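The next block holds one structure in the form of structure tokens; read it before the comments.
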Amino acid sequence: MVIQAAEMLEVPVVGTFIGRDKDKSTTANFEEFAKVWPPLVKFAREHHVKVAIENCPMIFSMDEWPGGNNLATAPAIWRKMWEIIPDDNFGLNLDPSHLVWQMIDYIRVVKEFKDRIFHVHAKDLHIDREGLYQNGILSLGMGWQIPRLPGRGDIEWNKFLPALSAAGYNYVVSIEHEDRDYEKTEDLVKAGFLLARDALRPYIK
């Protein structure tokens, strides 16, 4: 339905998640992926729509631990996805914030996967070093990954956005408004969008 609606509205990209059974191994999840996803991507191609998979691990609470609810989290997994489904209408909705707390180089990701980046989220992330000290990396971000609006976290937008431009990306950079300091009222939400816009504006033509 969403793919057909996108075609009717002449929207070229649909964003979604792969999904994952958090209690199963990556290998077991790929077995399900190979059954479920090829016909979906084929259907999208037939309707002239690209499918962009977000790289969020979907692990923010203990009930999502240990595997998270999304398979497509890191470069090795993306390569395996495209080995199974090599279609050129199957790519990424790239959110650099989810790479930060996984200690993945988001500039290298842009350079290596430039042909597979179909959509970009502008969301920042702050690593709370005290929370990291208390909980450790095996907590998989819980207790120390803090979503922020662009300009309020650890991402170097002055490097990330020019890297996208250099890689030939010329599509949407969508502000993902996820910052508890700017969520309590409508005025705060609006102020958050303006803050993010102003942080990104110098690097977007």
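Annotations for the structure displayed:
- Cα gyration tensor shape for the stretch 21-98, rounded if a/c is under 1.5, else prolate or oblate: prolate
- Derived scalar couplings ³J(HN,Hα) [the stretch 94-99; Karplus, 6.51 cos²θ - 1.76 cosθ + 1.60; whole Hz; x for Gly, Pro]: 7, 10, x, 4, 7, 7
- Shape box of the chain [Cα atoms, principal axes, largest first, Å]: 44, 41, 33
- At q = 0.10, 0.12 Å⁻¹, base-10 log of I(q)/I(0) for the stretch 86-205 (Debye sum, equal scatterers on each alpha carbon): -0.33, -0.47
- J(HN,Hα) series, the stretch 185-199, from Karplus relation 6.51 cos²θ - 1.76 cosθ + 1.60, nearest Hz, glycine and proline x: 9, 4, 5, 5, 4, 4, 4, x, 4, 5, 4, 5, 4, 5, 5
- Pairwise FRET efficiency - residue 188 versus residue 23, Cβ, R0 = 45 Å, nearest 0.05: 0.75
- Where both bridge residues fall in the chain, DSSP classifies roughly 20% of the beta bridges as antiparallel.
- Counting only DSSP beta bridges whose two residues both lie in the stretch 41-153, roughly 35 percent are antiparallel.
- The amide H of residue 173, built 1.01 Å from its N in the peptide plane, has no neighbour under 5 Å, considering only residues 5 or more places off or on other chains.
- The phi-based Karplus calculation (6.51 cos²θ - 1.76 cosθ + 1.60; θ = phi - 60°) puts the 3J(HN,Hα) values of the stretch 11-20 at 8, x, 9, 10, x, 6, 10, 6, x, 5 Hz, whole numbers, x for Gly and Pro.
- Taking amide H as placed 1.01 Å from N in the peptide plane, the amide H of residue 148 sits under 5 Å from that of 124, 125, 126, each at least 5 places away or on another chain.
- Cα-based Rg and Dmax for the stretch 154-203, where Dmax is the largest Cα-Cα distance (Å): 12.7, 38
- Rounded to the nearest 10 Å², the accessible area of residue 35 at probe 1.4 Å: 140
- Theoretical FRET efficiency, 1/(1+(r/R0)^6), r = Cβ-Cβ of residue 139 and residue 4, R0 30 Å, to 0.05: 0.15
- Amide proton proximity set for residue 13, modelled H, under 5 Å, gap of 5+: 50
The values are calculated or read from the model by the stated rules, or taken from the named source; none is laboratory data. Since we're looking at a predicted model, the values are computed, not measured. Using ideal geometry, Cβ is built from the backbone for each residue, glycine included, and neighbour counts are taken over all protein chains shown. Calculation scope for accessible area: heavy atoms of the full protein, side chains included, ligands and nucleic acids excluded. Shrake-Rupley method; radii C 1.70, N 1.55, O 1.52, S 1.80 Å.
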